[in-house]
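What follows is a short report on a single structure.
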């Protein structure tokens with residue numbers, strides 16, 4: 001299960017990503033926003049981070065204009081490793097080396113095709129463990 005959320009800047013891209021995930025048969029929870037009317041990004045970031053941190057969802061996808069605000073908000077939660085990704089390669093490394101469980105997308109800087117590539121890679125790549133496990137274990141105090 002995947003939890004998805006965005007602010008107004010990410011609403012259109014979030015809608016496209018949700019459509020793509022549904023076409024692939026991936027179960028998801030849409031945590032909003034539900035329009036392009038101005039909103040506050042922390043509300044949606046906290047909802048998605050709670051879903052992932054509590055184990056209700058395996059992964060999360062957050063979208064705002066720059067991805068910075070949602071990533072900062074999500075990373076305040078225990079058990080969350082949210083990575084800002086603007087291309088497929090960063091997404092693959094975030095999963096493989098950092099065991100990221102939420103991806104943050106910068107809607108104002110990527111197009112739909114790139115966003116779909118990032119999301120697909122994020123959901124498909126497995127954490128490599130090994131030497132990376134030691135490092136990931138040192139992230140949380």
Seminar exercise, completed: In the set 61, 18, 26, 80, the lone residue that is under 17 Å from residue 122 (Cα atoms) and surrounded by fewer than 17 Cβ atoms within 10 Å (Cβ to Cβ) is 26
Seminar exercise, completed: Within region 1-15, of all residues that are within 16 Å of residue 58 (Cα to Cα) and within 12 Å of the chain's Cα centre (by Cα), the one surrounded by the most Cβ atoms within 10 Å (Cβ to Cβ) is 5
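Test of understanding: among 105, 90, which residue is touching a residue at least 24 places away in the same chain (Cβ under 8 Å) and not in a helix (DSSP H, G or I)?
Details: 90 fails: not in a helix (DSSP H, G or I).
When all the criteria are applied, what remains is 105.
Does residue 68 count as at pLDDT 95 or above, touching a helix residue (DSSP H, G or I) at 6+ places or on another chain (Cβ under 9 Å) and surrounded by fewer than 17 Cβ atoms within 10 Å (Cβ to Cβ)? Spell out the reasoning first.
Numbers: at pLDDT 95 or above: yes; touching a helix residue (DSSP H, G or I) at 6+ places or on another chain (Cβ under 9 Å): no; surrounded by fewer than 17 Cβ atoms within 10 Å (Cβ to Cβ): yes.
Answer is no for this residue.
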For this session: Could you tell me which numbered condition residue 66 fails, if it satisfies all but one of (1) part of a helix (DSSP H, G or I); (2) within 21 Å of residue 44 (Cα to Cα); (3) touching a strand residue (DSSP E or B) at 6+ places or on another chain (Cβ under 9 Å)?
Result: (1)
Problem set entry | region 117-134 residues that are at positive phi, paired with ones that are crowded, with 17+ Cβ neighbours inside 10 Å (beta carbon under 9 Å, 6 or more apart) | 129/99
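Can you tell me how many residues within region 3-27 are assigned to a helix (DSSP H, G or I) and under 23 Å from residue 55 (Cβ atoms)? First the steps, then the outcome.
Restricting attention to region 3-27, the residues satisfying the condition of being assigned to a helix (DSSP H, G or I) are 8-23.
Next, from what is left, pick out any that are under 23 Å from residue 55 (Cβ atoms): 14, 17-18, 21-22.
Final tally of qualifying residues: 5.
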Exercise. Hey, any hits in region 29-50 for a residue that's in contact with a helix residue (DSSP H, G or I) (Cβ under 9 Å, 6 or more places away or on another chain) and in a strand (DSSP E or B)?
Worked result: yes
For this session: State which residue pairs qualify: first residue in contact (Cβ under 8 Å) with a residue 40 or more places away in the chain and at negative phi and inside region 70-84, second residue buried (at least 22 other Cβ atoms within 10 Å of the Cβ) and part of a loop (DSSP other than H, G, I, E, B) in any location, beta carbons under 6 Å apart, and separation of 6 or more residues or different chains.
Result: 81/100; 81/101
For this session: Look through region 96-115, keep the residues that are in contact with a helix residue (DSSP H, G or I) (Cβ under 6 Å, 6 or more places away or on another chain) and under 18 Å from residue 58 (Cα atoms), and return whichever of them is surrounded by the fewest Cβ atoms within 10 Å (Cβ to Cβ).
Result: 97
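The values are calculated or read from the model by the stated rules, or taken from the named source; none is laboratory data. Computed from a predicted structure; not experimentally measured. Every residue, glycine as well, gets a Cβ built from its backbone with ideal geometry; the counts of neighbours run over all protein chains shown.
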